[in-house]
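The values are calculated or read from the model by the stated rules, or taken from the named source; none is laboratory data. Treat the numbers as computed from the prediction; the structure is a model and nothing was measured. Note that each Cβ is placed from the backbone with ideal geometry, even for glycine, and that neighbours are counted across all protein chains shown. To get the accessible areas, we keep the full protein, side chains included, count just its heavy atoms, and leave off ligands, DNA and RNA. Shrake-Rupley method; radii C 1.70, N 1.55, O 1.52, S 1.80 Å.
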Amino acid sequence: MASRIVLDYEALEAAVLGGAVLGGGGGGSMEWGRKLGRLALELGTPELIPLEDLPDEATLLTVSAVGAPAAQTAYVRPVHYIRAVELFMKFTGEQIGGLISNECGGLASINGWIQAAALGIPLVDAPCNGRAHPTGLMGSMGLHKVAGYISKQVAVGGNPQTKSYVEVFVSGSLDVSASIVRQASVQAGGLVAVARNPVTVKYAKENAAKGALSQCIRLGKAMLAAQKKGAWQAIEAAAEALRGKVVFTGRVASVSLETAGGFDVGKVIVQRDHKLAELTFWNEYITLEVDNYRIGTFPDLLATLDVDTGLPVSSAEVREGQEVAILHVSRNELILGSGMKYPELFFALEKATGKEVIKYVFPDYILSEGEVQGYGA
């Protein structure tokens, strides 16, 4: 039986570090994760509880940040995360039994800490996904397949001084609601705090990434312990803990990044002698090719770690000239939610990156035109 974890400053540092690795290039910044976590611990003593501690009929609410981490005008403050949950309960009348993060990441693994501390709602160790992902549908635990499910979402963010502040409540189909929230992030300057998609504990038991947040903490603790011996030892500890492998090391030769439609999209080229590794990203790293040979494809975990510090570096943070190690972890070794099981949700990755994805992840699947139209945005 899983046990409760008292969330303290040691757990915070581990959750941020381990989460940043499992962010796979996305999942938000460690800096903001630390800031939110520290504020949460000043407000109270949140606990991370196992899913089994709640009755099957209790309602869980997903909390997240949505947008482009590299956006220079992004403006989300701690109060916005709390406000999103408060507005959700006000607009819907739902009684929330627990909060769950949408994914893992440097920021995402802390999703829910401040809301739990401020509002007294339990934080549950069952995120929608055990790694970071780019689209809201991927973090919806297969709800797009539930007949008649109506998505309810609240988004809050933006700077009142620049008149970009927004509070949005939307109810409708999952894809349309997610698209509206994504556009709200653009209007808010690049990022919004979100509360969305209530589900029962029973549904989460079958579709969430149970235990993924405690995995972030274990991973972070292993890296912190190894870091005392050196940066490379921390990188090796991450690979060992996740049963992955460092597949390439080298100097970042170039980074191309564009913020468009509420996403960071681009590629990173890493060079060692005459060998080139290409990472494409859409917030998260999507593909890795070494000398044009495909090594890893999302939802495999692809992460860049700074060789000098041993710390993970997101796609929004990686810089030319930086020495990095590229970590690859097979999707079969990850704790994944149901959103990773549906081929139709992967078409958007191909459209964004210009790379083939579906044939590597679902080799026997043929995408129909109707599915392309429904899930291509």
*Scope the range 284-313; condition among the polar types (S, T, N, Q) and open to solvent by less than 10 Å² (accessible area, probe 1.4 Å); matching residues*: Thr287, Thr297, Thr304
*Does any residue of the range 26-34 turn out to be under 22 Å from the mean Cα position of the chain (by Cα), open to solvent by less than 10 Å² (accessible area, probe 1.4 Å) and aliphatic (A, V, I, L, M)?*
no
_Looking only at the range 154-165, filter to residues that are more than 15 Å from Gly262 (Cα to Cα) and touching a strand residue (DSSP E or B) at 6+ places or on another chain (Cβ under 8 Å); which one of those is surrounded by the fewest Cβ atoms within 10 Å (Cβ to Cβ)?_
Tyr165
*If you check Val201, Val268, which single one turns out to be modelled with pLDDT of 95 or more, out of contact with any Cys (no Cβ under 6 Å at 6 or more places or on another chain) and closer than 30 Å to Ala74 by Cα?*
Val268
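Yes/no per residue for (1) open to solvent by 80 Å² or more (accessible area, probe 1.4 Å); (2) under 11 Å from Ile326 (Cα atoms):
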site: Ala239; (1), (2): no, yes
site: Lys245; (1), (2): yes, yes
site: Phe248; (1), (2): no, yes
site: Ala253; (1), (2): no, no
site: Val265; (1), (2): no, no
site: Val270; (1), (2): no, yes
site: Asp273; (1), (2): yes, no
*Taking the stated definitions as given, is Ala68 within 29 Å of Phe298 (Cβ to Cβ), open to solvent by less than 10 Å² (accessible area, probe 1.4 Å) and modelled with pLDDT under 95?*
yes
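Report yes if Gly261 is at pLDDT below 95 and either open to solvent by 10 Å² or more (accessible area, probe 1.4 Å) or over 21 Å from Ala226 (Cβ atoms) (or both), otherwise no.
Yes; evaluated as a whole, the condition is true for this residue.
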*Being surrounded by fewer than 20 Cβ atoms within 10 Å (Cβ to Cβ) and either among the acidic types (Asp, Glu) or not in a loop (DSSP other than H, G, I, E, B) (or both) is the filter here, so list the residues in the range 314-327 that pass it.*
Glu320, Glu323
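Do the conditions hold for Leu12, that is, is it modelled with pLDDT of 95 or more, in contact with a helix residue (DSSP H, G or I) (Cβ under 7 Å, 6 or more places away or on another chain), under 19 Å from Lys221 (Cα atoms) and in a helix (DSSP H, G or I)?
Taking the combined requirement at face value, the residue satisfies it.
Yes/no matrix, rows are residues, columns are (1) over 15 Å from the mean Cα position of the chain (by Cα); (2) surrounded by fewer than 22 Cβ atoms within 10 Å (Cβ to Cβ); (3) touching a residue at least 24 places away in the same chain (Cβ under 8 Å):
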position: Ala84; (1), (2), (3): yes, no, yes
position: Met89; (1), (2), (3): yes, yes, no
position: Ile96; (1), (2), (3): yes, yes, yes
position: Gly105; (1), (2), (3): no, no, yes
position: Ala108; (1), (2), (3): no, no, yes
position: Gly112; (1), (2), (3): no, no, yes
position: Ala118; (1), (2), (3): yes, yes, yes
position: Ile121; (1), (2), (3): yes, yes, yes
position: Arg131; (1), (2), (3): no, no, yes
*Which residue out of Ser173, Ser109, Ser151, Ser140 is over 27 Å from Leu22 (Cβ atoms) and not acidic (Asp, Glu)?*
Ser173
*Could you tell me which numbered condition Ala126 fails, if it satisfies all but one of (1) open to solvent by less than 10 Å² (accessible area, probe 1.4 Å); (2) more than 30 Å from Ala348 (Cα to Cα)?*
(2)
*Please tell me if Tyr293 is out of contact with any helix residue (DSSP H, G or I) (no Cβ under 7 Å at 6 or more places or on another chain) and over 16 Å from Val255 (Cβ atoms).*
yes
*Inside the range 334-357, can you point out the residues that are closer than 21 Å to Glu258 by Cα and either touching a strand residue (DSSP E or B) at 6+ places or on another chain (Cβ under 6 Å) or open to solvent by less than 30 Å² (accessible area, probe 1.4 Å) (or both)?*
Phe346, Ala348, Leu349, Ala352, Thr353, Lys355, Val357
*Among the candidates Leu41, Leu48, Leu61, Leu17, single out the residue that is in a helix (DSSP H, G or I), open to solvent by less than 10 Å² (accessible area, probe 1.4 Å), aliphatic (A, V, I, L, M) and in contact with a helix residue (DSSP H, G or I) (Cβ under 8 Å, 6 or more places away or on another chain).*
Leu17
_Residue list for the range 139-152, filter: modelled with pLDDT of 95 or more and either farther than 24 Å from Pro55 by Cβ or assigned to a helix (DSSP H, G or I) (or both)_ = Leu143
